[in-house]
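These notes are about the structure you will find just below.
Values quoted throughout were computed directly from the atomic coordinates according to the rules given, and no laboratory measurement underlies them. Everything quoted here is computed from the prediction, not taken from an experiment. Neighbour counts are summed over all protein chains in view; Cβ atoms, including those assigned to glycine, are modelled from backbone coordinates with ideal geometry.
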Amino acid sequence: MLHLEALTKTYRRGVRANDGITLHVAAGQVIGLLGHNGAGKTTLLSQVIGLVRPSSGRIRLLGRDPVADAAWARTVCSFQPQDQAPLTGVTTRQAIEIAGRLRGGSRAEVRRRTAELLADLDIEEWADSPAERLSGGVRRLTAFSMAVVTPGRLVMLDEPTNDVDPVRRRLLWDQVRELAAEDRAIMLVTHNIAEAERAIDHAVVLDHGRVVATGAPADLAAGREMRLELTTPAELTPPAWSRTARRDGDRLTMTLAATDAAAAVTWAGQHTGRFSLNPASLEDVYVDATLVA
Amino acid sequence: MRLWLRSYLLLVRWTALRLRFMLPMFLVIQTFLAVGVVIGFAFLMPEVDPATALHLSTGAPTLGLIVIGMVMAPQLVAESKSRGTFAYNRTLPVPRTAVLAADLTTWLATGLPGLVLGLVTAVLRFDLRLHVSWLVGPAMLLVALTATTVGFAIAYAAPPTITNLASQAIVFIALMFSPINYPADRLPGWLQAVHHVLPFEHMADVVRDTLTTPASGIGWLPFAVLAGWCVAGLAITLRVMTRRD
């Protein structure tokens, strides 16, 4: 559905926000863009929707060029920007319904879908409250609903779960999976890696505008499925089975293959009584990838 | 075209919802302004002759339109830029011209009640007899449109702090140093020359001429100058709205 080839964006003041990014997104796929602040995630989304013009490289969206036809790109993409949506003077329901109608939905369909989203995200109690007075989390969920009430073929969400409470974050991820089940492509930016791991099919780790790691969360962790953490002041040399190692004060964290787990426990037991061995998370992959780069 | 119209109507509704709490405040400000000009300014003069009365009473509605278009509108655009509304609207699948047209419509509608109030105040105070031309509608529309598009151009092109400063400066220039409430020949020559280019004097002229229909006829030059400012304002605003980094 979306193909990026060697996409590069250098801003006028010389900042290279995207540096040769190649990426393919298929219908029904949820892509998670991970990376530090300033890694180029928002710039990437802004180019797809035609707000930022690439310096070089190519974008194909549904077989067309969104750079040349930005107005068309905005009709097939739904975008939830990172900034809070403008909610002055409207209620949550009004904001979602107007956004849905502006995105081309019929009156009846938008009304039905708005009620459904309010219920599914559990924000019905604020449906008819002035939206500008709501908490940051509810406003964020409103902005999410505004983006997906009449969803495009490609849905782009820039940090959709910021400020949202843990229970409603899960509800939001459920909605993301439902959108993917309808054969839409979803590209989302998040710092909430532990949760995103359950929602995304494919992770892309960006660092200083480059792709430093990419793959399914499980594949990215392949060969380093386990994480060993031990607390010791001693300067230990990581053994041969350790794939990555990083030290933070007294704490040493290593990743390793599942088959080396027994050796790791023996080794750790020789040095300290304070250690733990857990399945590695996408967060470990992310931290390692961005540390190496 | 259907998409444009549909987007336009929805955006008007959205903008109107956003502005409806401010509307009473705008009305109060415009009324104060009109009363201030018509009644307050008269205190500055030892005696109010018919020419002065005419300038004050036709200047009041002109100033009302300037304040709405070149002060209130840009300040709200500046605020919407700070709040991210501007950036958000850019991501919506609606034609940019529809966004601009919807904003303009809302602001023109906002200025209308104040315009009528200003005029009524003036007529009551000075017991004026106006000879209203059929051109008064297009003239008022042109003045309101020019004030608002120039206001938008400033607000879209400049950072919010500069916009707020500029709109404050415009109030003072329009109120004190522009031949809106008094004849242009009271100004020094160089300032008269400046006002041949700036839109303020021309705004006052078209409003006064179409309300009184002078014997010499209604001049076309002020209309042409205002149209020029209006087109420039629109061009700059659209340029900023469609710009890509």
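Highest first, please rank the peptides B:111-122, A:177-188 by the mean number of other Cβ atoms sitting within 10 Å of their residues.
B:111-122, A:177-188
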Which percent of the Cα-Cα distances in the protein assembly as shown go past 41 Å? 40
Rounded to the nearest Å, the spacing of the alpha-carbon centers of segment B:24-65 and segment A:209-240 is 75
Rounded to the nearest 0.05, FRET efficiency between A:HIS24 and B:LEU3 (Cβ-Cβ, R0 30 Å) equals 0.45
Sorted by Cβ neighbour density within 10 Å, fewest at the top, the residues A:TYR11, A:TYR286: A:TYR11, A:TYR286
Residues of A:36-46, mean number of Cβ from any other protein chain within 10 Å of their own Cβ, rounded to a whole number? 1
Within 10 Å of the Cβ of an average residue in A:84-97, the count of other chain Cβ atoms is 4
Sites A:ARG243 and B:ARG186 - FRET efficiency at Förster radius 60 Å, r taken between beta-carbons, to 0.05: 0.10
DSSP beta bridges in the protein assembly as shown [antiparallel fraction, %, rounded to 5]: 65
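Across peptide B:92-100, how many C-beta atoms of other chains are within 10 Å of each residue C-beta, on average?
4
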To the nearest 0.05, how large is the calculated FRET efficiency for B:LEU124 and B:VAL240 if R₀ is 60 Å and r is the Cβ-Cβ distance? 0.90
Among beta bridges assigned by DSSP with both residues in chain A, the antiparallel ones amount in percent, to the nearest 5, to 65
Let me know the shape class of segment A:185-224, please: from the alpha-carbon gyration tensor, a ≥ b ≥ c as square roots of the eigenvalues, rounded when a/c is under 1.5, otherwise prolate if a/b is greater than b/c, or oblate. oblate
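Starting from 0.36 nm per residue, how many nanometres of slack lie between A:GLU116 and A:GLU178 once their C-alpha separation is accounted for?
Values: separation 62, 0.36 × 62 = 22.32 nm, distance 1.27 nm.
Extending this stretch completely gives an extra 21.1 nm.
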Counting alpha carbon pairs within less than 8 Å and at least 6 residues apart, what relative contact order, in whole percent, applies to segment B:2-242? 30
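What ranking do A:LEU23, B:LEU9 get, fewest neighbouring Cβ atoms within 10 angstrom at the top? Could the numbers behind the result be given before it?
Values: A:LEU23 19, B:LEU9 14.
By the 10 Å Cβ count, ascending: B:LEU9, A:LEU23.
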What order, most packed first, do the peptides B:149-157, A:59-67 have when packing is the mean number of other Cβ atoms within 10 Å of each residue? B:149-157, A:59-67
To the nearest Å, what is the center-to-center distance of segment B:211-227 and segment A:173-188, using C-alpha atoms only? 61
Taking chain A and counting helices only, DSSP H stretches of n ≥ 4 at -39,500 (n - 2.57) each over all residues, the nearest-500 ellipticity at 222 nm comes to -10500 deg cm²/dmol
